[in-house]
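Reviewing the structure listed below.
The values are calculated or read from the model by the stated rules, or taken from the named source; none is laboratory data. Here the structure is a predicted model, which means the values were calculated and not measured. Counting neighbours? That spans all protein chains shown, and the Cβs are built from the backbone with ideal geometry, glycine included. Protein only, heavy atoms only, side chains kept; ligands, DNA and RNA dropped before computing areas. Shrake-Rupley method; radii C 1.70, N 1.55, O 1.52, S 1.80 Å.
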Amino acid sequence: MLFSRISRIRSTGSNGCRWFLSHKPHLQFLNPPAYSYSSTHKEQNDPFSLVADELSMVANRLRLMVVTEVPKLASAAEYFFKMGVEGKRFRPTVLLLMATAMNISILEPSLRGPGDALTKELRARQQRIAEITEMIHVASLLHDDVLDDADTRRGIGSLNFVMGNKQLAVLAGDFLLSRACVALASLKNTEVVSLLAKVVEHLVTGETMQMTTTCEQRCSMEYYMQKTYYKTASLISNSCKAIALLGGQTAEVAMLAYEYGKNLGLAYQLIDDVLDFTGTSASLGKGSLSDIRHGIITAPILFAMEEFPQLREVVDRGFDDPANVDLALDYLGKSRGIQRARELAKKHANIAAEAIDSLPESNDEDVRKSRRALLDLTERVITRTK
Amino acid sequence: MLFSRISRIRSTGSNGCRWFLSHKPHLQFLNPPAYSYSSTHKVLGCRENFSWGLPALHGFRHNIHHQSSSLVEEQNDPFSLVADELSMVANRLRLMVVTEVPKLASAAEYFFKMGVEGKRFRPTVLLLMATAMNISILEPSLRGPGDALTKELRARQQRIAEITEMIHVASLLHDDVLDDADTRRGIGSLNFVMGNKLAVLAGDFLLSRACVALASLKNTEVVSLLAKVVEHLVTGETMQMTTTCEQRCSMEYYMQKTYYKTASLISNSCKAIALLGGQTAEVAMLAYEYGKNLGLAYQLIDDVLDFTGTSASLGKGSLSDIRHGIITAPILFAMEEFPQLREVVDRGFDDPANVDLALDYLGKSRGIQRARELAKKHANIAAEAIDSLPESNDEDVRKSRRALLDLTERVITRTK
C-alpha cells in the first residue's frame with residue numbers, strides 16, 4: 001500500500017470495485033520476520049521498532065476519528081483500517097524517524113523542564129503530519145478507484161438513501177480530505193498547508209497522467225518518472241519537508257529531508273515495478289504482472305524498449321491479449337530492463353542515503369539511531385524480495 | 001446554482017436516480033427583471049421628493065419611474081456595483097485552474113468558462129461586504145502609501161472570493177457524481193461529459209488549488225475558517241445521503257444540514273473578508289451573521305419555489321426535491337400540523353400518488369407560509385447585521401451596505 005497504488009490485484013467481484021488491497025506478500029518486508037535477523041542485530045537495526053509505540057498512537061487516533069464521527073462510512077473506514085493492520089505504516093515510520101533524526105528528541109532526560117513541554121508539543125505536531133499524510137493517501141486511493149461505469153450496487157444506508165460503492169468512495173475520500181484540511185489548518189503554519197495541498201494536486205495530476213497517456217507518453221521514461229514522482233514520491237518528500245519545517249529547521253535541512261523522501265519513494269516504486277514481473281523469484285513471470293495486464297508500462301519495459309524498438313509496437317497494441325503479454329515478457333527477458341530498473345532504484349536509494357549523511361552532525365544517541373534507521377530503510381527498499 | 005444544490009428536476013430516463021439542473025427560471029432573480037418590482041419600489045431612490053399618499057402624484061410617479069428607472073436601477077442594483085471586479089475575479093479564476101495535463105485542465109476549468117460561471121452570487125456578496133466594511137479603494141483622499149495597502153487588501157479579499165468559488169465548484173462536481181446528475185448550469189455535468197473519476201479528481205484538484213491560494217494569504221485564522229467550511233460541506237452531504245427516518249422528519253436536522261451545505265460557505269467567507277480587513281471580532285461576527293442568514297433565507301425560499309414555481313399556488317414548481325425524497329421546510333412544517341403526513345413521507349416518494357398525497361396535505365397546511373415566514377425572519381436578521389455595522393460616512397461604504405440590504409429583500413421576494 002505504501003507506494004504501490006498501481007500495483008493491485010484486481011478483484012474478481014461482480015461490481016468491479018477495486019479498493020480491496022491484496023495481501024501483497026511483498027509488503028510484509030515492512031515487518032521483518034524474525035528469522036532474517038540475529039536478535040541483537042534486529043534490535044539495533046529495526047527501523048520500525050524505534051517508532052512502534054508512536055505508530056500505534058497515530059493509527060489509533062486515525063481509527064477513532066473515522067469511526068466515531070461518521071459511523072455510516074464504516075465500510076470505507078474498515079478499508080482504511082485494513083491498511084493499518086497489514087503493516088502499511090511505512091510512510092508514518094519514515095516521518096517519525098525523520099522527526100527524531102532532525103535533532104529533536106523527546107527521550108533526552110537532560111531536556112526536562114520547560115523545554116520538555118515544547119518538545120512534546122512539537123512531536124505532537126509532527127505526528128499530526130503523519131496522520132494528515134495517511135489521510136491524504138487513503139483519500140487518493142479511494143478517489144482513484146471511482147469507476148465510470150454506472151455502479152448502482154447498493155450497500156449500506158436507510159430507506160431511500162442507500163449508498164452505492166461509488167458514493168462511498170467519493171464521500172469517504174472527501175471526508176478524509178476535509179479532515180486533513182482541518183488538521184493542517186490547526187498546525188497554524190501556512191507553509192506546511194501549502195506543501196501538503198500541493199501534494200493533493202500532485203496526486204491528482206499523477207493519476208490523471210496515468211489515465212490519459214498518449215502512446216508517445218506511455219513510452220517515455222521521462223513522463224513515467226514525472227508521473228511516479230507525482231503519484232508516489234511527492235507525498236513522502238513533501239511531508240518529510242513539512243516535518244523539518246515544523247521542527248524549525250533551515251531551508252537547507254528541509255531540502256535534505258525532502259530529497260530523502262523523494263528518492264526513497266522513487267526507489268521504492270522502481271523495485272515495486274520489478275517485483276511485479278519477478279515476484280519472489282529472481283526470474284521473470286513469477287510476479288503478479290498486474291501492471292502490464294492493466295496496460296501500465298513501467299520502468300523495466302521502458303528500459304527494454306530502448307534496447308528493442310520492436311517492443312514499442314507490442315506495447316502500442318495493448319495487453320488485453322495475453323499472448324501480447326507473453327511477447328513483451330519475452331523481450332523483457334532478453335533485455336537488461338529488469339537490471340537497469342534495479343540500478344536506477346539503487347541510484348535513488350543512494351541519493352536518499354547521502355541526504356541523511358549530509359544532515360548536520362549530532363551526538364544525540366536517539367538522533368543517531370534514527371538516522372541509522374533511515375539509512376537502513378534505503379537498504380531494505382532495494383533488497384526486498386517481496 | 002448558488003445554493004440550490006438540492007433543487008433539481010429528476011429526469012425520466014432509465015437510469016433511475018438522475019438529477020437535472022433545469023434552467024431554473026427562479027435563478028434569474030439575480031438579474032432583476034423590471035417587472036418583478038412594483039414601480040413604487042423602484043421609486044424608493046426618489047423617496048425624499050415624493051409623497052406616497054398623494055393620489056394626484058401617481059401618474060407623475062409612474063412617469064418618473066420610466067424616465068429615471070435606469071438611474072434608479074443603477075443605484076439599486078447590487079450587482080452593477082461590483083460588476084468590473086467580478087470580471088477580474090472570473091478571469092483570475094480561469095488562470096488559477098490552469099495545469100499541464102490537458103484532460104485535467106479541461107475538467108478543472110469546465111465551470112469557470114465564460115457563460116457557465118453561474119450567477120456569481122457569492123462573489124458579489126463578498127465583494128460588497130469588503131466595501132461595506134469601511135475599506136474603500138475609490139477614496140481619492142487616500143492616495144499615497146495608504147493606497148497601495150488598500151489595493152493589496154482588496155486583492156486579498158478578492159482572493160477569498162476566488163477561493164470560495166473554487167471550493168463551491170469542487171463540491172458541486174462531487175455532488176453531481178454522488179447524485180448521478182446529468183446537467184448543471186444548463187450544460188452537461190462534468191461527470192456526464194468526462195466521466196465520474198475525472199469529475200472527482202477535478203474536484204480534488206480545485207480543492208487543492210483553493211488550499212494553496214488560502215495558504216498564500218498567510219493568515220492562519222482564515223485558513224482554519226475555510227478548512228472548516230470544507231468539512232461542513234462534506235458533513236452536509238453525508239447528512240443528506242445517510243438520514244434515518246427520524247432525522248428526515250426533523251426540522252432541526254434539516255436546518256443543521258442546510259447550514260452545512262449552504263450557509264456555512266458564505267457565512268465563513270464573509271467572516272474571512274472581515275478578518276482580512278482587520279476588523280474586530282464583533283464586526284467579523286456581524287459579517288458572519290449576514291452571510292449565514294442570507295444563505296438560510298435563500299435556501300428556504302428555494303424550498304418553497306420547488307413546490308410553487310412562479311405561481312403562488314402549489315404543484316406548479318418542479319417538485320424535484322420531494323421526488324428525490326428530500327424533505328424540505330414546507331413539508332416539515334406541514335408534518336407538524338398533520339402527523340399523518342409523516343407516514344406518507346416514510347413510505348417514500350417513488351410512487352407519484354404519494355407525492356400528490358403529500359402535496360394535498362401541504363396545501364391544507366400552513367407549510368408554505370411558515371417556510372416563507374422563516375425565510376423572512378432570517379432575511380431580517382441578515383439586514384439587522386448590516387444595520388449594526390459601525391457608522392460610516394463614506395459614500396461607497398453606504399452604497400455597498402444598501403446593496404447588501406437590497407439582497408436581503410431580493411432573496412425573499414423573488415418569484416423564480
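So which residues in segment B:264-294 are touching a Gly at 6+ places or on another chain (Cβ under 8 Å) and open to solvent by less than 10 Å² (accessible area, probe 1.4 Å)?
Once the filter is applied, which keeps residues that are touching a Gly at 6+ places or on another chain (Cβ under 8 Å) and open to solvent by less than 10 Å² (accessible area, probe 1.4 Å), segment B:264-294 yields B:264, B:265, B:266, B:267, B:268, B:269, B:270.
What are the pairs with Cβ atoms under 7 angstrom where one residue, in segment B:321-350, is in a helix (DSSP H, G or I) and the other, located anywhere, is among the charged types (D, E, K, R) and open to solvent by 50 Å² or more (accessible area, probe 1.4 Å)? Sequence gap at least six, or different chains.
Final answer for the pair search is B:323/B:10; B:333/B:366; B:333/B:370; B:335/B:342; B:337/B:366.
Would segment A:229-236 turn up any residue that is touching a helix residue (DSSP H, G or I) at 6+ places or on another chain (Cβ under 9 Å), more than 14 Å from chain B (Cβ to nearest Cβ), among the hydrophobic types (A, V, I, L, M, F, W, C) and within 25 Å of residue B:203 (Cβ to Cβ)?
yes
Restricting to segment B:203-225, give me the number of residues that are within 12 Å of residue B:162 (Cα to Cα) and surrounded by 24 or more Cβ atoms within 10 Å (Cβ to Cβ).
6
Among the residues of segment A:196-224, write down those that are closer than 14 Å to residue B:105 by Cα and touching a residue at least 40 places away in the same chain (Cβ under 8 Å).
A:204, A:207
Do the conditions hold for residue B:214, that is, is it assigned to a helix (DSSP H, G or I), at pLDDT 95 or above, more than 19 Å from the chain's Cα centre (by Cα) and facing chain A (nearest Cβ under 9 Å)?
yes
In this structure, is residue B:387 under 30 Å from residue B:289 (Cβ atoms) and touching a Ser or Thr at 6+ places or on another chain (Cβ under 6 Å)?
So residue B:387 fails the test.
Which of (1) touching an Asp or Glu at 6+ places or on another chain (Cβ under 7 Å); (2) under 22 Å from residue B:121 (Cα atoms) is the odd one out, the single condition residue B:389 does not satisfy?
Result: residue B:389 fails condition (1) only.
How many residues does segment A:240-288 contain that are at pLDDT 90 or above and farther than 22 Å from residue A:347 by Cα?
10
Could you check segment A:249-295 and list, in sequence order, the residues that are under 25 Å from residue A:129 (Cα atoms), without any contact (Cβ under 8 Å) to a residue 12 or more places away in the chain and part of a loop (DSSP other than H, G, I, E, B)?
A:250, the sole residue that qualifies.
Out of the residues in segment A:163-194 that are open to solvent by 10 Å² or more (accessible area, probe 1.4 Å) and not in a helix (DSSP H, G or I), state the one that is nearest to the other protein chains (Cβ to nearest Cβ).
A:188
Name every residue in segment B:90-105 that is open to solvent by 20 Å² or more (accessible area, probe 1.4 Å), in a helix (DSSP H, G or I) and either more than 10 Å from every other protein chain (Cβ to nearest Cβ) or among the hydrophobic types (A, V, I, L, M, F, W, C) (or both), in order of residue number.
If the condition is that a residue be open to solvent by 20 Å² or more (accessible area, probe 1.4 Å), in a helix (DSSP H, G or I) and either more than 10 Å from every other protein chain (Cβ to nearest Cβ) or among the hydrophobic types (A, V, I, L, M, F, W, C) (or both), then B:91, B:92, B:94, B:95, B:96, B:105 are the ones that fit.
Kindly evaluate residue B:199 against the criterion of being farther than 30 Å from residue B:386 by Cβ, buried (at least 24 other Cβ atoms within 10 Å of the Cβ) and among the hydrophobic types (A, V, I, L, M, F, W, C).
yes
Name the single residue that is nearest to residue B:325 (Cα to Cα) among those in segment B:355-386 being polar (S, T, N, Q) and surrounded by fewer than 17 Cβ atoms within 10 Å (Cβ to Cβ).
Applying the filter and picking the extreme gives B:369.
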